[in-house]
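The values are calculated or read from the model by the stated rules, or taken from the named source; none is laboratory data. Just so we're clear, the structure is a prediction, and the values are computed from it rather than from any experiment. Heads up, the Cβs are rebuilt from the backbone with ideal geometry, glycines too, and the neighbour counts pull from every protein chain shown. In case anyone asks, the SASA skips ligands and DNA or RNA and just uses the protein heavy atoms, side chains included. Shrake-Rupley method; radii C 1.70, N 1.55, O 1.52, S 1.80 Å.
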Amino acid sequence: MKKATTWLLVALMAWWGLATTHAGKIFTFVCSATQTNPDTGEKTPCAFESEVTFGGGKLSKTLTGFCWSCSRFVYLHWTREGIDPKTMAAIGLEVVSKPSPIATLWDGATGKTLALYPCPDCRKPIKEIVSEKHLKHCPKCRQSGFKPDPKQPMLIFD
């Protein structure tokens with residue numbers, strides 16, 4: 001009886017782990033900052049809103065960035081390592097290599113080297129935004145207060 005209970009517990013833990021794992025998230029971000037008109041002193045809300053995706057799926061990875069030239073969030077997609085090219089071909093998908101950085105910069109504030117990738121549309125440089133935790137400033141007004149809208153659902157996908 002004890003052995004059966006142990007196996008049942010292991011099976012439930014495995015199911016729970018598989019059921020709660022995911023590869024990607026889609027958030028609706030909104031800016032809560034206000035802007036002051038220098039001429040009138042009137043304050044108006046920025047209210048910039050955008051859907052932002054982080055992560056990828058079982059077969060692919062996604063790099064999220066914001067392109068200043070295109071004024072929007074952009075994404076680079078590639079095939080995960082270890083995926084059999086024959087499997088991809090069988091389901092009608094092409095194997096895409098991870099994009100190479102077009103430049104690297106040293107960040108004096110953190111001491112880290114930052115990779116810049118080409119925007120998929122205009123080819124100008126973008127920096128990866130790793131997760132929703134790394135996106136705090138609004139790309140429109142450049143103030144803090146850019147965060148996931150608590151009224152909007154977060155979509156989790158795999």
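Say the cut-off is 23 Å between C-alpha atoms; which of K127/K147; K58/K147; K61/K133; K25/K127; K25/K124; K98/K127 go over it? Flagged as over cut-off: K58/K147; K25/K124. Highest GNM mean-square fluctuation, the chain, Cα pairs closer than 10 Å: which of P38, P85, P118? Between P38, P85, P118, it is P38 that shows the largest mean-square fluctuation. Please go through segment 43-132 and write out the trypsin sites (Lys or Arg not before Pro) that DSSP classes as loop and that have at most 12 other C-beta atoms within 10 Å. The qualifying sites are K58, K112, R123. Mean-square fluctuations from a GNM of the chain, with a 10 angstrom spring cutoff on Cα atoms, peak among V96, V30, V74 at V96. Per atom type, the chain shows carbon and sulfur on 58% of its accessible surface, probed at 1.4 Å. A value for Rg and Dmax of the Cα atoms in Å was derived from the coordinates, and within the list (1) 16.1, 55; (2) 20.8, 79; (3) 19.2, 60 it appears as (2). Amide H to amide H, with H built 1.01 Å from N, F66 comes under 5 Å of V74, K127, counting only residues 5 or more places away or on other chains.
What chymotrypsin sites (Phe, Trp or Tyr not before Pro) in segment 54-126 are in a loop by DSSP, with at most 16 other Cβ atoms within 10 Å of the Cβ? Numbers along the way, then the final one.
On the way: sites: F54, F66, W68, F73, Y75, W78, W106; in loops: W68.
Qualifying residues, ordered by number: W68.
What residue among D121, D84, D39 has the largest mean-square fluctuation in a Gaussian network model of the chain, using Cα springs under 10 Å? Between D121, D84, D39, it is D39 that shows the largest mean-square fluctuation. Within the chain, the longest run free of GluC sites (Glu not before Pro) that sit in a DSSP loop with at most 14 other Cβ atoms within 10 Å is 95-158.
By how many degrees, between 0 and 90 and to the nearest 10, does the Cα long axis of helix 2-20 differ from the longest principal axis of the chain? For helix 2-20, the angle is close to 30 degrees.
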